[in-house]
Amino acid sequence: MPGDTMPTLRCLFRTQHRNSLAWCIAIFNGEATGAAELTGGLKVILDDHYRAITIGQFIVLYSQDGECYGSTKILGLRPKHYEEQKQAAKSCPPHRASAAGS
């Protein structure tokens with residue numbers, strides 16, 4: 001329905017078994033079709049920037065107590081932090097030094 005908010009879940013995640021658990025918000029934008037089946041997508045917003053997360057890896061979601069909620073394959077990524085900074089720099093006017101050297 002228009003105006004409805006998507007269900008969200010504050011949880012922990014990891015993408016590689018050696019990595020520490022870290023906080024994220026999972027946003028479900030689909031519907032439940034059965035006891036354990038979901039259709040649609042899952043958007044995961046990480047609290048911090050992480051390197052080397054790639055399409056094709058799996059992300060595993062956990063409760064604060066370490067209970068595994070499940071996993072899903074990463075199908076897409078938002079622009080990386082470096083790419084965002086590079087794009088922002090293009091839109092900034094060039095710096096002009098004053099006669100005093102500042």
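The values are calculated or read from the model by the stated rules, or taken from the named source; none is laboratory data. Predicted model, so just to flag it, every value in this text is computed and none were measured. Quick reminder, even Gly has a Cβ in these numbers, built from the backbone with ideal geometry, and neighbours come from all protein chains shown.
Within segment 41-56, the set of residues being surrounded by 12 or more Cβ atoms within 10 Å (Cβ to Cβ) and more than 15 Å from Arg78 (Cβ to Cβ) is empty. Would you confirm, using the coordinates I've provided, whether Arg78 is modelled with pLDDT of 65 or more and exposed (fewer than 11 other Cβ atoms within 10 Å of the Cβ)? Judged against the criteria, Arg78 is a match.
Being modelled with pLDDT of 70 or more and more than 14 Å from the chain's Cα centre (by Cα) is the requirement here; does Gln87 meet it? So Gln87 passes the test. If only residues of segment 1-17 that are out of contact with any strand residue (DSSP E or B) (no Cβ under 6 Å at 6 or more places or on another chain) and closer than 17 Å to Arg51 by Cα are counted, the one that is modelled with the highest pLDDT is Gln16.
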